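Inspection log for the structure reproduced underneath, given as structure tokens.
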Amino acid sequence: MAVTDLASITRLAGEVAAIHEGRGRPEAAIGEFRRTAVLVPLDERGGLWTTAHGGVWWIHAFSDESALARFALARGHAGSGSGWPFVSVLGARLLDVVVPAVAGPTGVALDVGGETPFFLPPVAGIVPEGAAVDAGGVTAEDGAGGEGGTGEARR
């Protein structure tokens, strides 16, 4: 299990904030995401919490427990983020191992519901070519429906 590192989280937050301010470099933010341990809530079956939108499965990840807690509260989960079971995962592992294991196009949504969300879509340069929609890896017909919801990562 990856352990969160305050310095990594701070660098990631800085890169993402710079993008939102129009002065950031997406490749730098992706690099920081890959080096940072993020928190991924678990669904009721113990799988990674995902939603489907626009034919893509989105794994929800959070930079820290306070971001997860805000999201949990908005979703109606009692208590704090620590009241919602989660795992700590290195960003690179999500992109390089988990995303390719999911049936259908899959990306990562970081800090959704916060002031500076960051989306890592399933495209070449972010995920492996076999999982990238723009490299002919996967298509919407491979598994992601248009309905939103939660569920464990599809294999």
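The values are calculated or read from the model by the stated rules, or taken from the named source; none is laboratory data. Keep in mind that this is a model prediction, so the values were computed, not measured. Glycine gets a Cβ as well: all are built from the backbone with ideal geometry, and neighbour counts include every protein chain shown.
The set of residues in the stretch 105-123 being among the charged types (D, E, K, R) and either surrounded by fewer than 21 Cβ atoms within 10 Å (Cβ to Cβ) or out of contact with any helix residue (DSSP H, G or I) (no Cβ under 8 Å at 6 or more places or on another chain) (or both) consists of Glu115 alone.
When you look at Glu147, is it at pLDDT below 95, more than 30 Å from Thr10 (Cβ to Cβ), touching a helix residue (DSSP H, G or I) at 6+ places or on another chain (Cβ under 7 Å) and charged (D, E, K, R), yes or no? No. Residues that are under 21 Å from Pro128 (Cα atoms) and not acidic (Asp, Glu) within the stretch 13-30 comprise Arg25, Pro26, Ala28, Ala29, Ile30, listed in sequence order. Note on the stretch 5-32: residues that are within 17 Å of Ala92 (Cβ to Cβ), hydrophobic (A, V, I, L, M, F, W, C) and in contact with a Ser or Thr (Cβ under 9 Å, 6 or more places away or on another chain) total 3.
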